Amino acid sequence: MDILIASNRQLPIRYYVDKAIWIRRGGCSIHPQMTLPFFVEIEIKNSLNLQIIIDYIFEFQRQYKQTELQILIKDAHILTKINELLTYNVPHQHTITIQQL
């Protein structure tokens, strides 16, 4: 698991086999700082494909008027890139917290 996303809404699963990205249901028993009820684990083999993760988050947010996301990321490089891409583009009715795992 490279990224863990928790939300106040059910998160969809996705498989991008050709891009080597797997977004699947995950648990959060080992991450007590996650307080939201729904989780997905993301495995990404190539950090050049991070835009797919950003698009996944924006697609999810478009489905609801208000969302809350907690994102834990292992790799510092991926953390920096996702932080850059999300920080200034998230509508104010959606809350995102990004932390290193």
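The values are calculated or read from the model by the stated rules, or taken from the named source; none is laboratory data. What you see is a predicted model; the values in this text were computed from it and never measured. Using ideal geometry, Cβ is built from the backbone for each residue, glycine included, and neighbour counts are taken over all protein chains shown. Quick note on the areas: whole protein, heavy atoms, side chains included, nothing else; ligands and nucleic acids left out. Shrake-Rupley method; radii C 1.70, N 1.55, O 1.52, S 1.80 Å.
Determine the share of the chain's accessible area contributed by carbon and sulfur atoms, expressed in whole percent, with a 1.4 angstrom probe. On the chain, the fraction of accessible area on carbon and sulfur atoms equals 51 percent.
Given a Förster distance of 25 Å, report the FRET efficiency between His92 and Thr35 from their Cβ-Cβ distance, rounded to the nearest 0.05. Don't skip to the end; give the middle numbers.
Details: r = 21 Å, r/R0 = 0.84.
Between His92 and Thr35 the formula returns 0.75.
Restricting region 33-83 to trypsin sites (Lys or Arg not before Pro) that sit in a DSSP loop and have at most 15 other Cβ atoms within 10 Å of their own Cβ leaves Lys45, Lys65, Lys74.
Checking every one of the chymotrypsin sites (Phe, Trp or Tyr not before Pro) in region 1-93 against DSSP loop status and a limit of 15 other Cβ atoms within 10 Å picks out Tyr64, Tyr88.
Grab the Cα-Cα distance for Asn46 and Met1, subtract it from 0.36 nm times how many residues apart they are, and report the gain in nm with one decimal. Numbers along the way, then the final one.
Numbers: separation 45, 0.36 × 45 = 16.20 nm, distance 1.31 nm.
Gain on stretching Asn46 to Met1: 14.9 nm.
Which value results when the Cα radius of gyration for the chain is divided by 2.2 N^0.38 Å?
Working: Rg = 12.4 Å, N = 101, 2.2 N^0.38 = 12.7 Å.
After normalising by residue count via 2.2 N^0.38 Å, the value is 0.98.
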